[in-house]
Each structure stands twice: as C-alpha cells, then as structure tokens.
Amino acid sequence: MPYIPHTPDDVSAMLDAIGAERIEDLFDEIPAHLKAGSSLDALPEGRGEMEVTRLMAERAEQDRYALSFLGGGAYQHHIPAAVWEIATRGEFYTAYTPYQAEASQGTLQVIYEYQTLIARLTGMDVANASVYDGASGLAEAVLMALRANRKSKSNRVLVPEALNPRYRSACDAIVRNQDVALDTVPFCTDCGQTLADSLNQYEGQDYAALVISQPNYFGSLEDVDALADWAHANGMLVIAVVNPTSLALLTPPGEWGAEGADIVVGEGQPLGIPLSSGGPYFGFMACKQKHVRQMPGRIIGRTVDLEGKQGFTLTLQAREQHIRRSKATSNICTNQGLAMTAATIYMSLIGPDGLASVAGHCHANTQKLADKLTAIDGVERAFTAPTFHEVVLTLPQDADTVLARLAEKDILGGLSLAKDYGMSNAVLVNATEIHTEGDLDLFATALKDVLA
Amino acid sequence: MNETKLIFQHSRPGRGANAQAPKPVSEDQLSAIPASLRRQHKPGLPEVSELDVVRHYTNLSSKNFAIDKQFYPLGSCTMKYNPRGANRAAMLPGFLARHPLAPASHSQGYMACLYDLQNFLKEVTGMKGVSLAPMAGAQGEFAGVAMIRAYHDARNDDGRTEILIPEAAHGTNPATAVMCGYKVREVPVGKGGDVDLEALKEACGPQTAGLMMTNPSTCGVFERQIEAIAKTVHDAGGLLYYDGANLNAILGKVRPGDMGFDVIHMNLHKTFATPHGGGGPGAGPVGVSQRLLPYLPTPMAGLDEESGEYSWIDTDTLPTSIGHLSAFMGNAGVLLRAYFYAMVLGREGMIRVGEYSTLAANYLLKRLQQVGYTAAYPERRASHEFILTLAKEAKELNVTAMDVAKRLLDYNQHAPTTYFPLLVPECLLIEPTETESKEAMDDFIAAMEAILHEAKTDPDMVKEAPFTQPVRRLDDVKAARELDLTWSE
C-alpha cells in the first residue's frame, strides 16, 4: 500500500483495540445509501513512483525549451543552486505554520529575516510573512487601504490603466464582492506613463487610495514622486506595486514624494522562484508602522522566552481569522512559506551589490534588445518613457500572427497587447541577466525573417 | 541549542556570494534611467559568503519540527507524509522553465497534467466541474462563496444576505463570507457534535444565501443529518458549501457531491499530500454541481477530443466566471505534486486513505481513553481525527491543554491542535493520518500517558515545559506590546 505502513497484523491489533471487526465498521455512522457513488470506477489504477515519474517526465519534456522573452509579471532569473537545495530540506518543506513557536524557531526566524529584507528593499517600516501572489496581494492592499484611510469614507480606489491587466482583473474579482470600485486612470499614449495631469479630473473627489505601479505594465518608469504627492495632497493613501529586482536601482516606495508610499505590494517571483507555470510564487506586502494593525496575514515578532533568551513568535494575531473570525482583516490563513523561505535565501546570497548587478543587466539587455529589434524596418518603440526591463514595440504586422510564427521557431517573442489594450501590433518584450548577446541576435534574426 | 545569530549579524562590508551575481554593469549602461528615479543608497541586504548562507539556513532548519522528523498529529491539518517523488516530478526542468503565459503550443504536457487532475478530483468528490485556480484553502473558500453569490445575482435573487455557519467551523469560513459581502449567522452544534437541526430550520429563510460546513465536522465526527441539512438549506433557496478541510476522512467512502453539496474546496496540501512548507504554499481547487458550472474561476484546462489538443478555458470562453484569483493560474507546482500523488494512489489508493486514516484515529482515541484521557464525544466514532477534553485536568490539577501540548515537545512529539474548535473546553484535536505506523502512534500514547502521570505527581514539569527546545515558552505579550517586526543594527 503506497505510503501506508500497516501490516495485516497491525490492522488486526488496531481493530482489536477498537473493538471492531472490520475497517468498514468504522464508517457505520454514514448513511449506507450515500456510500453508493464512491466506488470511484472512473479513476485509474495506482502506479509506482517509477511509472508516474516517467509519465510526468515525458510531459515535462513535451513543453520543450524555447528561447523566451516573455515577462508580464513573471521573469527568468538565475537561481543559485543553494536556494532550493536548502528550501526543500524536509525541516522546511514538511513543517506546518509555526503555531508551536518553541518547535518552529527555524521557520519563525526565517520569516523575521524575510520581513526585515522586504522592509529594507522597499524602504518601509514593516512587512508581513507574505501573501499568495502579487495580484491577490494588490486586492489585499486595496481592502487594507479602505480600512486604514480613516479620512476617506469612500469605497473607491484609483487604478492606473497601465497596471498589469492581470493584477487589475484578479484584484477586481476579489474586491468587487465588497462593493469596492476600481476607477481607471488612463495612460499617456505617447509616453506610456501615467501623468499627474490625468489625475486632475479626480481632484476633490473622495478616493481611499491611488495605486502606482513602478515600473508599469509597459515597463515604463513613472514619475512616482509627483503621483505620490498628488495622492497625499488629495487625502488618498498610496499603494505601490513594484518589481523587487528593480528596487536595487530605483527609489524605494518608502521614499516616493514627500511622505513615501503607505502600502507596498509586489510579486516576489523574481527573488529566486522558478517560473513554474505561474506558481507557487509569493506576494510581498509592506507598510508604514502606523498601518500595521490593518495589515492582513501572518506577522512574526521578536521577543524573549521565560529565561530572557531571544525567540520569535506569531504576533498581532488578533487581526487574523483564527482569532477574529468574521471580524478578521482577511480570510487568509497560510502565507507562501516555502517560496518566501527560498526568497530569503536568494536575497541573502545575492546581496545588495549582486541585486543591483542583476537589475543592471536586466535593464541593459532590454535596452540592447530594443535597439536590435528596432533596427528592423517597421519595428519601433511604442512609447517614449524610460523603461526598466520591459519595453513595448510596435510591429508592422499583426502581433498575434507574428508571435505565433516566432513560436513555430521556438522563440517566445513577447506578449501581445491586442486583447488587453486593443493595440493589435504591439508586443511587450523582456530580457534579463540570463540572456546572452547570442540570444538577443537569434530573436532579432528570427523576427526579421518572420516580418520579411 | 545556542541562539542563532540573524543573517544580518554575519554581514561584513565587501563580502558576498560572488559566484552568483553577474559582474556589475557600468553607469553608462544605466544612463537611460533618470537620476531622479534612482535609489540613493544600497538596500540593506546582508553581505555574506555562500557558505555563510548555506550554514545559517541549514542550522535554522534544524530548529523546526517537521513530518520528516516527528509524528505531527495536528488536527484538521492532515500532516501526512509528503512523497519525495512528487517534489522531484514537480521540479522537472520542463515544468520549472515554463512561463505562465507561454502559448498552448508549448504547454501541452503541463496542461495534460492539469486536465487529468481536474478529472481525478471531479470523480473523487462527485462534483460536475473542477477548477484548480485557487491558491490556498482560504482562497478556495472565497471562490466557492463568490460563486454562490454569482449564482444568486444571476437570478436577480438579491435578498440573500446571510451565510450560515456552524459554530464549530474554521475561522476562515466566517472571514470568507464577509470578504464576499455576506453577513454571518452562526448555527449551534448539539451535544453529540451534530448541527442543531431545529436551530438551523429557524435560521433558514429567504435571506439565506448558503450554508458552509465541514463533514466530518471539526468535532471529529460525521454529521449524520447531512441529508436533512441539505434539504433544509435547499428548500430555503440556499446553496450548500463543503469545506474540504476534512476530506481525508471520507475519501473513497462518501462523496460531497452525493451528500448534496453544491460547491466544495479541497486542500491539496492536506488530502493530496503536498507539503505545508512552514505555512504554504497550498492549493485549494473548487468543485461544483451543475448549477454552478458557469461561475468556476479561470483558467481551466480543456481538451478538444478530436484533435487531442489542450487549450485554456478562460473568461473569453466562460464570461460568467467569477474570474481570475491570481495573476496567472494558481499554484501550478503544488498541483503537479498533487497529480503525482493521485496517480501513484489511483482508485484503490484513494479508498485506502479514508479507511486507514479512520482506523488510525479510532485506534489512537481508544488507547488514549484507556490511559486516562477524556473524549469530547465518547459515544461517537472518530473520523480521521478526534477531540480530547482536558477540562477535568485543568480543574483538578491546574494543568491545561496547552501545558500538555508543550510538554509533548519534550517527548519529541509535535503537539496536536489546541483550543480548536472553540466550543470544547481545554481541547486537543488529534489527527494521526494514514501514513503513521502503529509504533509511531504507540510512542505518542506512551508520551501522553507519561505526561498525565507527571501532571498528577510533578505538575510543574508539565506547566513549565518545554525544557528541550531551542527556546522556553515565549513572552507573547511582550511580542505584541513592544512590536519588533524587523531587525535593526
């Protein structure tokens, strides 16, 4: 019996102790006629580890390697071998939420270090132990802003059109049930940025928060100081959505404008998490100290034990569902513990200079890629704004068709903006530190062929 | 064990794991980024060597209890063995490298696994459709209640403002109902652990959107009146939500779909043996009855039978869906681990899960009663878990459930769930799972017996425990009053 250790002798000994004749007797409280459907005839017979591994290896092989320039919220980066060698140690991999603090000091200290790393990277006071991903993290941030902004009575939040559309739709799916409305701030179609001018139409209106994405979905860098100051001047909180790699180079949200952002969220995947079809990733979440009691999710604090020795424990649990039930800040229960552990190891290994170097290569390679591609007739940058590690290019032909033809050559040449922005000739391309000069040339040559 | 320094305390300016990062780029190459947007000072990440990092986190890992090290009978959490083979399969390079937005042409292998898993879960639960999108149990709950709301909204049945929840329910249930814009009304549970049916009948009405419940309940017993409950809620026009937290108990025995549930979520990190990872990631797929099919969260894997090709079912093909709950498609890597587990167990393995987890729990309960502990529901069969109440010990010996839990750590046994469900005083909720041997359970029983003896003869040993862990009991009051959430030098 796979993963079940009992011998026939064990089973009889246990049944004897219980005073039952057969295992089936233990289910005598379930009405008999309800059991009829559970013969599970449609399920396959079980197989051994060898056979299932072979099946899955064949399928993994089928999604054969392609040269990818896809970004859009998930990015290819080098992951040091030590990250997952350590994160998948059984002591981390098979532990549960650290409710028994004395027997969970390993996980608890990792989370405390993680909170510190995220706070330092974002320039904020405090961070929680992570949420599911960047997009659902934004939904949590929006709900948090509604609670935290005592001056506003509004259930509306301003969201830039240039925000990752997948963040927008997940956020909307989560918050709309509480009658929260997300109003859209348009972007400048020349520069690809969210301009402070476009916010003037909302002046004097009651919104709980303004969401600022840096960089935005187009890879464009926003004038975050102006946007943050505008929001604060109009009684709104600032929710920053940021890429963690970029923060090695860019002003941290804690320093945006005169006051800094109030809540920061983002997708943690670039910090040592494999692409893995979209998950498990983790969302990081940080805020100003004064809002900490409105933050959802697990939070770890440093304290002492009864002998005065340093120790770590779950704290501020009165915010959480297992204590507050219907009055909790969120229904979130677990965090993304293992992914967060991996990211903690990644950030420790890569260090401040290493992360700056990774970010620098991402930026430089993307610039280089854009130069190579725009050297092709009819290919142009769509926007004038400076970018971090993604850029929108317009093609002389329909983007979806071009991308499909590139895919036939095993080149995933970016994401089409046709469906989300009605820009049928536009693609969003990304390069990171993993791309070589040869990779960039291969893409350029293939695109030239396809367009010819 | 000694205090472990923080990683920041190992930091020395100029040190680094130099094999990992590429060489720095020149300032020239960054000239396109306006100076006004540039960070002025380095982020305070530690500057440490690769060995520093490996040693530090390896040492930290040794301060955890884990299934790989200890019996971990945490009730309602299903801490069963997490097969290593599942981890290796999910970490195959082809799966790890796949970008979530890669075209279907480059995703057929991955989608085949998802499609098969959807069908597997459908059959196991007796539901009509399954979406794997929710990223955790709590998000599965959210998806489920959001679908209930979408269903009522589509019928313009907008007077339904309440979700009913038995008082023994997990805290996530009421918190979820509120996130979906509902008011919560609690339904009492009777002495035997079943829902108070008369009270439920009174609570049901035109304002009822649905009922959320777990079966077996968090009291560790099967809800015997489930059909009457389903009828009561359905007659009032409400829908029935199944919290799959305790699905392990009934796998292969009785299916939520056959009990009358309209929507369920499953915790793959419990029932399908994916790791808990120190608190996630999980996965919380949802299954639905016919009438909720249009509202399933996206994306889902679909199969064109003719061409044999897989494609995504997304909001463009299913516009009534409650939509995406994450940026991409949920916790893919967890789904692959669950798929591995499902394929190894197969039909007969699924049936064995329910049988042997129930056998283990009933054995453990009987033996713990024999050594002197009190069952909360002595006249009932245990499901895959059961509750002891230490009300008597607390009163007579001044030794609480928490004290016993802490003392267990000294016996190298992880503590059961304490003080949940809230309606049983001084309770321990104990779930051994099907993967623990009789010897492992006997060791736990011996430890429990010894602790009961200590409670009578040397109560301070129990009240001041643990003695053998990296730290003694922690000052939680100080932690909350003098918040220290980040390190500063």
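Every number here is computed from the coordinates shown, using simple stated rules; none is lab data. This structure is a prediction, so every number in the text was calculated from the model and none was measured. Every residue, glycine among them, receives a Cβ derived from its backbone with ideal geometry; neighbour counts consider all protein chains shown.
Assorted remarks:
- GluC sites (Glu not before Pro) within region B:281-330, DSSP loop, no more than 16 other Cβ atoms inside 10 Å: B:Glu305, B:Glu306
- Estimated dipole of region B:85-344 in Debye, rounded to 20 [Cβ of Lys and Arg +1, of Asp and Glu -1, Cα centre]: 560
- Scanning chain A for DSSP H helices at least 27 Å long along the axis (C-alpha atoms) with a Kyte-Doolittle mean no lower than 0.0 picks out A:337-374.
- Rounded to the nearest 20 debye, the dipole magnitude of chain A is 1280 debye, with +1 charges on Lys and Arg beta carbons, -1 on Asp and Glu beta carbons, and the Cα centre as origin.
- Restraint check, B:Lys5/B:Lys63; A:Lys327/B:Lys392; B:Lys191/B:Lys270; B:Lys69/B:Lys438, Cα-Cα greater than 20 Å: A:Lys327/B:Lys392; B:Lys191/B:Lys270
- Cα gyration tensor shape for the protein assembly as shown, rounded if a/c is under 1.5, else prolate or oblate: prolate
- The residue among A:His77, A:Ser198, A:Phe282 whose Cα reaches farthest toward the positive pole of the charge dipole of chain A, with charges on the beta-carbon of Lys, Arg, Asp and Glu, is A:Ser198.
- Whether region B:7-61 is rounded, prolate or oblate, judged on the alpha carbon gyration tensor where a/c under 1.5 counts as rounded: prolate
- Computed over region B:195-268: relative contact order in percent, which uses C-alpha pairs under 8 Å that are six or more apart: 34
- Dipole orientation for the protein assembly as shown: of the candidates A:Met340, B:Val263, A:Gln321, A:Gln321 has the Cα lying most toward the positive pole (charges on Cβ; Lys, Arg +1; Asp, Glu -1).
- Each peptide in B:431-438, A:416-423, A:440-447, A:137-144 gets a packing score, the mean of other Cβ atoms within 10 Å over its residues, and the list from highest to lowest is A:137-144, B:431-438, A:440-447, A:416-423.
- Shape of region A:1-144, Cα gyration tensor, a/c cut at 1.5: prolate
- Computed from backbone phi, the HN-Hα couplings of region B:244-261 come to x, 3, 10, 4, 3, 5, 10, 3, x, 10, 8, 10, x, x, 6, 7, x, 6 Hz, rounded to whole numbers (Karplus: 6.51 cos²θ - 1.76 cosθ + 1.60, θ = phi - 60°; Gly and Pro given as x).
- Summed residue charge, Cβ within 14 Å of B:Asn248's Cβ, Lys/Arg positive, Asp/Glu negative: -1
- Dipole magnitude of region A:83-229, debye to nearest 20 (Cβ charges: Lys/Arg +1, Asp/Glu -1, about Cα centre): 460
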